[in-house]
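Trainee: Please see the structure below; I have some questions.
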Amino acid sequence: MNDEKNSSLSDNQLHGLLSKPEIPSTLQTKLQKNFSEQINAEQTNASHRRWRKGLALSVAANVIFAVLILSPYSTMKPSALMDMAYAHVQHEEELTGDFVTDKTAWLTAKNINPPPKAFTVGLAKNCLIGLDQAKHIRINTPQQNDINLLIFSQLDDELRPARDKGKKGLQQWITLAPRDGVYVIAFYESGVSNSEVKQLVRNMFQQTTDLSSSQQHDMVI
Amino acid sequence: MPHLLKRDRQQFDDWIQEHHAALYRHALWMTSRSDVAEDCVQEAYFQAWKSRKSLKDEAKVFSWLLTILRRMVYREYEQRANNVTCTVDDFSSFPETAVDDDQSKMLDLAKAMQKISTGHRDIILMHGLHGLSYQEISEVLEIPAGTVMSRLSRARAALDTALNQAEPEKQASQTYQTSTSQTSPISQTSSNAQVINLKTGPYNNER
C-alpha cells in the first residue's frame, strides 16, 4: 500500500508529465503545409467530379433532347394522316352535294345505323385520305354543330395517331374503334361534347342486324 | 463561395496553430509514436475540414477536433492490430534514457500508460492533459457525467497500479545495469521492453 501511495501522481504532477513531450518545432508548419495541399487536392478532385457530373448531365440532356426531337418521326405517319384528314374535312366543309341519293340507305348498306332523328346527315360520301379509302359522314347536331366522321376500315396500326384525342385548328378530334377493323376519326366543333360524339358513334355502329362477319366487312368497305 | 472557403481555411490555420500541440500530445500518448501521432493529427484536421459543417458551436472546437482525432487514433489501432505487434520501445519521441528525474518519471508514465487500456488512457488524457471537465468529457464520450467520474477513477487506479508495477522492474533493471557495466542503457531498456499485443484492439478495452 505504501508503494502505491509513493507511485501515485497528483493531478498537477500528472498534467505536468503528460504535457512534457516536446512538440517538434516544425510540426505546425508541416501540418499547415500538408493541410493546404490536401485541401487543394480535394478541390481539384471536386472540380473534376463536378466536370464529370456536368458532362454526364449534358449527355443525358442531349439524349433526352434527341429522343424528344426524333420522337415525332416515329409518329410522323399518324400526324400526317391527321393533317390530311383535317385538311379533307376543311376542304369539304362547304360541300353539301348529294353524292348519294338516299343517305340513310347508303348508311344502312354499309351496316352503319343512321344517327338519331334529331341529327341530320349533311354529307355522306366515299373519299380518299392519302392512300386510304374512307367514308366521310358529316352530321349536323340539333344545336347546329357539325360532327365530321372519317371512317376507315383495315387502317394499319402504324398510321394511327399515338393519342386518341386532341385539337386541330378550331376543331376537337377523337379516334374511336367502334367495331373490329373499323377506325373512326371524329372532328367536332366546340359546341359538341366529347361524350356526345362517342355516344353518337357508338349508336351508329351498334350491331342491330345479325350479319355474318364477311357481310359486315364488305359493307363497311 | 470562394470567400467562405478562404475564411474557412484561415479559420483552420488558426485552429492548427492553437490546438495542434494538445492534439499531437494526445495522439503521442495514445500511440507512443511521433510519426503516427503526426499522421493522426494531420488526418484529423483534414477530416475536420471535410466535415466542418458539422461543427455547431465554434466555442467547442477543441472537443470537436479531439473527437475526430480520437477516431483517427482508434482507426490507427485497428490497422496496427491487424498487422503488427509493437513494444513500448516504439516510443520514438520519448527519451530512451532518463537524463533527469522528470524525464525518468515521464518514461515511467509512458510505460505505465501503455499497460492500461486505451479507454483508460483516453480518459486520463482528456482530464489530465487537456483539463476537460467531467461534463465536457461526457459530451465527447457521449456518456453520463457520473459514468465519466467512475471511469476516470478506475482509470487512475489502473494507472497507479501500472506505475507501482513499474517501480520494482526499474529497481531490478538498475541492479542488473550496475552488475553488467558493458551493457548500454538503451539495450537495457530494450531488454525490459514489454510486448504489447495490439491485436486485442482498443474496442476490447474498457473505454
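Read the figures in this text as sums done on the coordinates, not as results from a lab. Because the structure is predicted, anything quoted here is derived from the model rather than measured. FYI the Cβ positions are ideal-geometry reconstructions off the backbone, even for glycines, and counts take in every protein chain you see.
Trainee: Taking loop as defined by DSSP and a crowding limit of 11 other beta carbons within 10 Å, which trypsin sites (Lys or Arg not before Pro) in the stretch B:10-85 fit? Before the final figure, lay out each step's value.
Mentor: Numbers: sites: B:25, B:33, B:50, B:52, B:53, B:56, B:60, B:70, B:71, B:75, B:80; in loops: B:33, B:56.
Filter output for the stretch B:10-85: B:56.
Trainee: Relative contact order of the stretch A:52-177, please, whole-number percent, based on alpha carbon pairs below 8 angstrom and at least 6 residues apart. Write out the running numbers ahead of the final one.
Mentor: Values: 124 pairs, mean separation 26.5, N = 126.
Relative contact order of the stretch A:52-177: 21 percent.
Trainee: On the principal axes of its Cα set, how long, how wide and how thick is the stretch B:1-84? Give whole Å, largest value first.
Mentor: 45, 22, 20
Trainee: Of A:117/A:165; A:30/B:53; A:30/B:105; B:6/B:50; A:33/B:6; A:103/A:135, which ones are farther than 18 Å apart at the Cα? Each step should come with its number before you reach the end.
Mentor: Details: A:117/A:165 27 Å; A:30/B:53 25 Å; A:30/B:105 30 Å; B:6/B:50 14 Å; A:33/B:6 15 Å; A:103/A:135 12 Å.
With Cα atoms farther than 18 Å apart: A:117/A:165; A:30/B:53; A:30/B:105.
Trainee: Mind listing the Cα extents of the stretch A:87-203 along all three principal axes, in Å, largest one first?
Mentor: 35, 29, 27
Trainee: Per-residue ellipticity at 222 nm for chain A, helices alone: DSSP H runs ≥ 4 residues times -39500 (n - 2.57), over residue total, nearest 500 deg cm²/dmol? Let's see the in-between values first.
Mentor: Details: 7 runs with 104 residues, N = 221.
Mean residue ellipticity, 222 nm, calculated: -15500 deg cm²/dmol.
Trainee: Something else: Which whole-number percentage describes the relative contact order of the stretch B:102-168, with Cα contacts under 8 Å and a sequence gap of 6 or more?
Mentor: On the way: 44 pairs, mean separation 29.8, N = 67.
In percent, rounded to a whole number, it is 44.
Trainee: Would you mind counting up the charge near residue A:57? Only other residues with Cβ under 13 Å from its Cβ, with Lys and Arg at +1 and Asp and Glu at -1. Walk me through the intermediate numbers first.
Mentor: On the way: positive: A:49, A:50, A:52, A:53; negative: none.
Surrounding charge for residue A:57 is +4.
Trainee: Next question, about the same structure. Got the relative contact order for chain A handy, in percent, Cα pairs under 8 Å and 6 or more residues apart? It would help to have the intermediate numbers written out before the result.
Mentor: On the way: 225 pairs, mean separation 34.0, N = 221.
Over chain A, the number comes to 15 percent.
Trainee: A follow-up question, please. Taking amide hydrogens as modeled 1.01 Å from N in the peptide plane, which residues meet the under 5 Å criterion relative to residue A:122, leaving out close sequence neighbours?
Mentor: Result for residue A:122 returns A:138, A:139, A:140.
Trainee: Another one. How long are the semi-axes of the ellipsoid equivalent to chain A, from square roots of 5 times the Cα gyration tensor eigenvalues, in whole Å, largest first? Walk me through the numbers before you get to the answer.
Mentor: Details: eigenvalues 1437, 98, 53 Å².
Here the semi-axes work out to 85, 22, 16 Å.
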